[in-house]
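The values are calculated or read from the model by the stated rules, or taken from the named source; none is laboratory data. Computed from a prediction, not measured in an experiment: that's the story for all the values here. Positions of Cβ are backbone-derived with ideal geometry, glycine not excepted, and every protein chain shown enters the neighbour counts. Quick note on the areas: whole protein, heavy atoms, side chains included, nothing else; ligands and nucleic acids left out. Shrake-Rupley method; radii C 1.70, N 1.55, O 1.52, S 1.80 Å.
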Amino acid sequence: MNDALYDQAIIAEARSKTGAGRLDAPTVTAECDNPLCGDRITVDLAVQDGAISDLAHKTRGCLLTQASASLLARYAKGGDVAAARELRAAIDAFVKGQDDERFAILTPVRNAKSRWDCVTLPFQALADALADLEKRG
Amino acid sequence: MNPIRQDFPAFDRLDRPLHFLDNAATSQICRPALEALVRFETDDRSNVKRGVYARAERASVAFDDARKAAMEFLNAPSPEEIVFTSGATLGLNTAAHILQDRLKPGDVILVSLLEHHSNLVPWQLAAERRGASLRAIPVTDGGRLDLERLDELADRVKIVAVTHASNVTGAITDVARLRAFCDATGALLVLDGAQRAAHGPLDVQALGCDLYAFSGHKCFGPTGIGVLWGRYDLLDSAPPFLGGGEMIRRVSIERSTFAPPPHRYEAGTPPIGGAIALGAALAWSMAQDWDRLGAQERELAGRMLDGLASLPGCRIYGDTGTQQRIGVVSFELEDVHAHDVCQLLDSDHGVMLRGGHHCAQPLMERFDTVATVRASLAPYNDGADVDALLNGLEAVRRKLA
């Protein structure tokens, strides 16, 4: 049962639309699809001196993806690239059961395996953007 | 309660109501199919067409009887035209394999914007191998094939491969119009019957198609089994699709000669229990009064469509009438994602729906959307299922919209 999946904390986080939008001049952009439902997120990063100075995401997705995208903006924006690289693995570990305060509001998703991809999608887009950045050197 | 539920073990022991409205994805198994499966696996389990002991004999006879049941269900002329596959997907891939050698560079396969990916991708692969291309019949705002446009699409069409009924809008295809087109152009007609087969027996001879594929799991049988019917001369005209046991006549190290259809396309040990159970499911279907079940389905579909139409912010994709359709209805609630609707309808209301692109991305694009919610009916559904759906949607709308 996923009774709490749509609790007020998740709905509020999704509606906060933290970081929603596009950047005018991103250093790197990545687009990521969820093949299950066709949801799509585009993440723009502005990177300066090893730090993510700005981040914006355009998210076409369910409430869970939107809430997760807001969390992405909260935790990656303003931080350094090295820390951002860890986020993709961290949310993966979180849905599989490892405690992580940052993602606590997403706890109900743990019981809904078919929705794990909804919350990891924004972080996958971030990881793709960072990988692209690294490739460029 | 709908009395037909007695024929479906899923309803035997329930701790909460089962408002199962995802029948277009997979239906519940009927009791005769499940019993046939258990009987085979318990009393007759052995390989077919190999053993000479009585147990193997019983298995072989039951397997052959299943093929005959599929023949009767489709009103096919002969059991040799019934190929057991793993489902509609393998059936359509096999169909594409059988027909692809007829394509020359520049030839066209006519598909449609309504197609499920399984009746699209195999043709793309065949076209690529042969230097041919795909062309799509457009879809009307009502979610039907726009057959008025057929004649302008005719140039170099060698194969027409379309759905018999849409898994998104529920529209039933006007096959007679396509048959006339094929007669005029000499094209071969392939129908994807994955949706239509769940709504009663068929007559491939009256339809006038050349190949027809469907899945067992959508028409009250088990998963992992399906049927490809094909005109014998077509089945006999192509090389095998997969190599292995069962499909050969004589094998040496250098080369083999192949068994005639249908065995040519059934390499390896078949899903024997699945085939026998499918035969039982099709026999169950043939024993039903489909005039009554069809009327029941139209009544429920009408109730659903009316209810959705009066729900604020609800957009229905496709025709809102109940004629020339199966009970498959797609819709969207304004500002609420399809998967959020589906999750809440299940957790809070016990209603099982499908959300997503329904493996029909070109159609989603045609309707300028990403994902819809789909409710689909089977004979065991009743008014309580539709009411639970409509009440649940109203509650979700209040919560999230």
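Could you look through the range B:331-352, keep only residues that are farther than 19 Å from A:D7 by Cα and open to solvent by less than 20 Å² (accessible area, probe 1.4 Å), and pick out the one that is farthest from the other protein chains (Cβ to nearest Cβ)? Give the steps one after another, and end with the answer.
Step one: list which residues in the range B:331-352 are farther than 19 Å from A:D7 by Cα, which gives B:331-334, B:351-352.
So of that shortlist, the ones also open to solvent by less than 20 Å² (accessible area, probe 1.4 Å) come out as B:331, B:333, B:351.
Details: B:F331: 15, B:L333: 12, B:V351: 14 Å.
Step by step, filter the range B:331-352, then rank; the result is B:F331.
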Pairs where the first residue, in the range B:357-369, is within 18 Å of B:D192 (Cβ to Cβ) and the second is charged (D, E, K, R), C-beta under 8 Å, 6+ apart: B:H358/B:R374; B:A360/B:E115; B:P362/B:E115; B:L363/B:E115
- prompt: Tally time: how many residues in the range B:367-386 are surrounded by fewer than 20 Cβ atoms within 10 Å (Cβ to Cβ), more than 13 Å from chain A (Cβ to nearest Cβ) and either under 17 Å from B:D22 (Cβ atoms) or in contact with a strand residue (DSSP E or B) (Cβ under 8 Å, 6 or more places away or on another chain) (or both)?
  reply: 2
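Can you tell me which residues in the range B:281-303 are touching a Phe, Trp or Tyr at 6+ places or on another chain (Cβ under 9 Å) and open to solvent by less than 30 Å² (accessible area, probe 1.4 Å)? Steps first, please.
Of the range B:281-303, the ones touching a Phe, Trp or Tyr at 6+ places or on another chain (Cβ under 9 Å) are B:281-286.
Matches in the range B:281-303: B:A281, B:L282, B:W284, B:S285.
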field: Pair list, Cβ under 8 Å, 6 or more apart: the range B:93-106 residue over 17 Å from B:D192 (Cα atoms), other residue assigned to a loop (DSSP other than H, G, I, E, B) and open to solvent by less than 20 Å² (accessible area, probe 1.4 Å)
entry: B:D101/B:A238; B:L103/B:A132; B:K104/B:A132; B:P105/B:A132; B:G106/B:A132
field: Residues of the range B:137-153 that turn out to be open to solvent by less than 40 Å² (accessible area, probe 1.4 Å) and either assigned to a helix (DSSP H, G or I) or touching a helix residue (DSSP H, G or I) at 6+ places or on another chain (Cβ under 9 Å) (or both), as a count
entry: 8
field: Tally of residues being open to solvent by 10 Å² or more (accessible area, probe 1.4 Å), over 26 Å from A:A67 (Cβ atoms) and within 13 Å of another protein chain (Cβ to nearest Cβ) across the range B:353-366
entry: 3
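So that you can scan it fast, the table gives a plain yes or no per residue for (1) surrounded by fewer than 19 Cβ atoms within 10 Å (Cβ to Cβ); (2) at negative phi; (3) part of a loop (DSSP other than H, G, I, E, B):
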residue	(1), (2), (3)
B:A96	no, yes, no
B:L114	no, yes, yes
B:P122	no, yes, no
B:L125	yes, yes, no
B:E128	yes, yes, no
B:I159	no, yes, no
B:T169	no, yes, yes
query: In the range B:23-44, which residues are open to solvent by 30 Å² or more (accessible area, probe 1.4 Å), of a type outside the set (V, I, T) and either part of a loop (DSSP other than H, G, I, E, B) or in contact with a strand residue (DSSP E or B) (Cβ under 9 Å, 6 or more places away or on another chain) (or both)?
result: B:Q28
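Only residues that are modelled with pLDDT of 90 or more and not charged (D, E, K, R): list them for the range B:253-266, please. Explain how you work it out, then say what you get.
Kept after step one, since they are modelled with pLDDT of 90 or more, are these residues of the range B:253-266: B:260-266.
Scanning the range B:253-266 gives B:P260, B:P261, B:P262, B:H263, B:Y265.
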task: Can you tell me which residue among B:R303, B:R315 is touching an Asp or Glu at 6+ places or on another chain (Cβ under 6 Å) and not acidic (D, E)?
output: B:R315
- prompt: Within the bounds of the range B:113-133, is there any residue that is in the same structural domain as B:K218 (by TED's automatic domain parsing), under 30 Å from B:T320 (Cβ atoms) and among the β-branched types (V, I, T)?
  reply: no
statement: Given the conditions (1) in a helix (DSSP H, G or I); (2) within 14 Å of chain B (Cβ to nearest Cβ); (3) in contact with a strand residue (DSSP E or B) (Cβ under 6 Å, 6 or more places away or on another chain), every one holds for A:I41 apart from (1)
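Need a quick list: helices (runs of 4 or more DSSP H) entirely within the range A:54-137 having at least 1 residues that are touching a residue at least 60 places away in the same chain (Cβ under 8 Å), within 14 Å of chain B (Cβ to nearest Cβ) and open to solvent by 10 Å² or more (accessible area, probe 1.4 Å).
Numbers: elements: A:63-76, A:81-95, A:116-136.
Because the criterion is at least 1 residues that are touching a residue at least 60 places away in the same chain (Cβ under 8 Å), within 14 Å of chain B (Cβ to nearest Cβ) and open to solvent by 10 Å² or more (accessible area, probe 1.4 Å), the helices (runs of 4 or more DSSP H) in the range A:54-137 that meet it are A:116-136.
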- prompt: Is there any pair linking a residue in the range B:373-389 that is of a type in the set (A, V, I, L, M) to one that is open to solvent by 20 Å² or more (accessible area, probe 1.4 Å) and not in a loop (DSSP other than H, G, I, E, B), with Cβ under 6 Å and at least six apart or on different chains, and which?
  reply: B:L377/B:E297; B:V386/B:R303; B:A388/B:H19; B:A388/B:H349
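Return the residues of the range B:244-264 that are surrounded by 13 or more Cβ atoms within 10 Å (Cβ to Cβ) and under 17 Å from B:K49 (Cα atoms); say none if nothing qualifies.
First pass over the range B:244-264, keeping only residues surrounded by 13 or more Cβ atoms within 10 Å (Cβ to Cβ): B:245-248, B:256, B:258-259, B:261-264.
Result: B:G245, B:E246, B:M247, B:I248, B:F258, B:A259, B:P261, B:P262, B:H263, B:R264.
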message: For the range B:299-336, which positions are assigned to a helix (DSSP H, G or I) and among the basic types (K, R)?
response: B:R303
task: Within the range B:50-94, track down each residue that is farther than 13 Å from B:P270 by Cβ, part of a helix (DSSP H, G or I) and out of contact with any helix residue (DSSP H, G or I) (no Cβ under 8 Å at 6 or more places or on another chain).
output: B:A54, B:A56, B:E57, B:V61, B:G91
message: Quick check on my filter: what residues within the range B:189-227 are touching a helix residue (DSSP H, G or I) at 6+ places or on another chain (Cβ under 6 Å), touching a residue at least 60 places away in the same chain (Cβ under 8 Å) and surrounded by fewer than 24 Cβ atoms within 10 Å (Cβ to Cβ)?
response: B:G200, B:P201, B:L202, B:V204, B:P222, B:G224
query: In the range B:387-401, which residues are farther than 27 Å from A:E13 by Cα and touching a Gly at 6+ places or on another chain (Cβ under 7 Å)?
result: B:A388, B:L390
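When residues of the range A:1-38 are filtered for being part of a strand (DSSP E or B) and either within 14 Å of chain B (Cβ to nearest Cβ) or under 15 Å from the mean Cα position of the chain (by Cα) (or both), how many remain?
7
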query: So which residues in the range A:2-50 are under 20 Å from A:A82 (Cα atoms) and surrounded by fewer than 17 Cβ atoms within 10 Å (Cβ to Cβ)?
result: A:Q48, A:D49, A:G50
Breaking point among (1) part of a helix (DSSP H, G or I); (2) under 27 Å from A:D7 (Cα atoms); (3) of a type outside the set (S, T, N, Q), for B:E365: (2)
